[in-house]
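Enquirer: My questions will all concern the structure given below.
The values are calculated or read from the model by the stated rules, or taken from the named source; none is laboratory data. Every value quoted in this text rests on a predicted model; they were computed, and no experiment measured them. Virtual Cβ from ideal backbone geometry, glycine too; neighbours counted across all protein chains shown.
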Amino acid sequence: MKKHSLIVILLLSVFCLSCDKKSHTEKPNIIIINIDDLGWKDVSYMGSDYYKTPHIDSLSKSGIVFTNGYAASANCAPSRACLMTGKWTPRHGIYTVGSSKRGKSKYRELIPTKNTTTLSKEQTVLPEVLSQNGYITCHAGKWHLSNDPLEYGFDINIAGGHNGHPTSYYPPYGNVYLENSGEENLTDLIMQNVLSFIDSVNQPFFLNYAPYAVHTPIQPIDSLLPKYKDKLSKNGQNNARYATMIENLDRNIGLLISELKNRKLLGNTLIIFTSDNGGLYGITKQYPLRAGKGSYYEGGIRVPFFFVWEGRIAINSKSNFPISNLDIFPTILESVGIDKHTYGSDGMNLLSVLQGEVIETDRPLYWHFPIYLQAYKVSDNENRDSLFRTRPGSVIRYGKWKLHYYFEDDEIELYDLDKDISERNDLSQENIEKTEELMTYLRKWWEETNAPIPKELNPDYEY
């Protein structure tokens, strides 16, 4: 079922050569680059003084960078489900990876909402829609939503399954199947297969490039280690092993862009670059953002995010308009001429924003996590408490304001992100009017999405 790599690509190339080559100019190719666990400041174009990402930096200058770009969830599986469906988490029920009862039971006051681990086939997903509209679709890397992405509209699957990360980035990779010579780093091998796919197609294509990097295990590229071992950073970034994984990922993205240029495809390709959640605090830090992956402070959900489309998006442009990876679904549909209203996305079509129009709207963004997620490192974190990155609750961002609400104790935190991007100064008691306004929006959203609210007390909880 997962034997996908070069054999499938070569077979497919025979089919593609018979396609009408004129169709290649009628619709743009679509590439989503969705990196795993890449933090907001884990790229140098966003201000890192430690990591080296020259190819990503160069690509970002070819389009529009969103400084307020968000993942729709703070960890892998729910974020990817939101991207693929364009739906808020209560719509598909994927809130975390595995069990929603993560962390010791005696510390959990409530019984959390049961988690869904496999995306329902009743959900309409992006590759399915594009496949029905003349696109050949390829998934490469981390899927994490089911055992087989081929059952969700992809024509080709390169190394994707239900696993959230590889056992190893070096052969035999453990839980990732991909034909290899016994020497290739997994990130390199996935890109080799991606390049073979691009070299074979002669019709509009959709590529969901989602490498397992830079998720754990942190396994360095040894040849790159010396340049980072004595390097200093003002942002608290100092993990040389992790830095080599980022640099190697960047190199592979450079190969992808070179292939598009060589095949003269870059001018007719919409490229979306983002990450599925914030960087893993304990491995990397995102100062001035607070916390990291799994937390709903900014460090866990704000991510690098940009769009490139030659001739359609101005180069070297920047926007502070808040967006979410929910917006990818309707934006892609609009860009290829598909009626997005047919699919009921919760996201916003960003095409006018991408093309420089001023949008007179301050739409709210929401996050819902009726679950528990234990801390990655109890002794090193910036969470609300040291035991959990996430306790059950919801978050709303509306304009410059961000409100956190917690189901256990009805506690509220309110932050002015324009003045306090680090989320250190809680204004919920000072600005009661704004707190009540945002809570009104949040309660209405719970009702509209039928969001589950955990209320049942846990008998194992130790008060």
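Enquirer: If a residue must be among the polar types (S, T, N, Q) and either buried (at least 23 other Cβ atoms within 10 Å of the Cβ) or in the same structural domain as ASN325 (by TED's automatic domain parsing) (or both), how many such residues does segment 373-405 contain?
Expert: Residues in segment 373-405 being among the polar types (S, T, N, Q) and either buried (at least 23 other Cβ atoms within 10 Å of the Cβ) or in the same structural domain as ASN325 (by TED's automatic domain parsing) (or both): 3 in total.
Enquirer: If you check GLN355, GLN429, which single one turns out to be assigned by TED's automatic domain parsing to the domain that holds SER324 and more than 24 Å from ASN277 (Cα to Cα)?
Expert: GLN355
Enquirer: Identify the residue in segment 37-66 that is farther than 29 Å from GLY311 by Cβ and among the aromatic types (Phe, Trp, Tyr) and, among all such residues, is surrounded by the most Cβ atoms within 10 Å (Cβ to Cβ).
Expert: So, considering only residues that are farther than 29 Å from GLY311 by Cβ and among the aromatic types (Phe, Trp, Tyr), the one surrounded by the most Cβ atoms within 10 Å (Cβ to Cβ) is TYR51.
Enquirer: Can you report the number of residues in segment 155-167 which are assigned to a loop (DSSP other than H, G, I, E, B) and either hydroxyl-bearing (Ser, Thr, Tyr) or in contact with a Gly (Cβ under 8 Å, 6 or more places away or on another chain) (or both)?
Expert: 4
Enquirer: Now a separate question. Quick one: in segment 82-103, of everything that is surrounded by fewer than 24 Cβ atoms within 10 Å (Cβ to Cβ) and either without any contact (Cβ under 8 Å) to a residue 12 or more places away in the chain or small (Gly, Ala, Ser) (or both), which residue is farthest from LYS227 (Cα to Cα)?
Expert: By that ranking, first place goes to GLY93.
A quick yes/no check of all residues on (1) over 23 Å from ARG80 (Cβ atoms); (2) among the basic types (Lys, Arg):
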site: ARG312; (1), (2): yes, yes
site: ASN316; (1), (2): yes, no
site: THR331; (1), (2): no, no
site: HIS341; (1), (2): yes, no
site: GLN355; (1), (2): yes, no
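Enquirer: Report yes if LEU270 is hydrophobic (A, V, I, L, M, F, W, C), touching a Ser or Thr at 6+ places or on another chain (Cβ under 6 Å) and assigned by TED's automatic domain parsing to the domain that holds LYS61, otherwise no.
Expert: Yes.
Enquirer: Can you give me the number of residues within segment 380-439 that are assigned to a loop (DSSP other than H, G, I, E, B) and among the small types (Gly, Ala, Ser)?
Expert: Result for segment 380-439: 4.
Enquirer: Under 6 Å between Cβ atoms, which residue pairs at least 6 apart in sequence (or on different chains) link something in segment 172-198 that is over 17 Å from CYS138 (Cβ atoms) and not assigned by TED's automatic domain parsing to the domain that holds ASP250 with a partner that is of a type in the set (Gly, Ala, Ser) and at pLDDT 95 or above?
Expert: Going by the 6 Å Cβ cut-off, there are no qualifying pairs.
Enquirer: Of all residues in segment 134-151, how many are surrounded by fewer than 18 Cβ atoms within 10 Å (Cβ to Cβ) and either at pLDDT below 95 or not in a loop (DSSP other than H, G, I, E, B) (or both)?
Expert: Number satisfying all stated conditions: 1.
Enquirer: For segment 223-234, indicate whether the set of residues that are under 15 Å from HIS55 (Cα atoms), in contact with a Phe, Trp or Tyr (Cβ under 8 Å, 6 or more places away or on another chain) and in a helix (DSSP H, G or I) is non-empty.
Expert: No.
Enquirer: What residue, of SER79, SER131, is out of contact with any His (no Cβ under 7 Å at 6 or more places or on another chain), hydroxyl-bearing (Ser, Thr, Tyr) and surrounded by 24 or more Cβ atoms within 10 Å (Cβ to Cβ)?
Expert: SER79
Enquirer: Within segment 108-129, does at least one residue satisfy the condition of being more than 18 Å from the chain's Cα centre (by Cα), in a helix (DSSP H, G or I), in the same structural domain as ASN208 (by TED's automatic domain parsing) and not acidic (Asp, Glu)?
Expert: The answer is yes; a qualifying residue exists.
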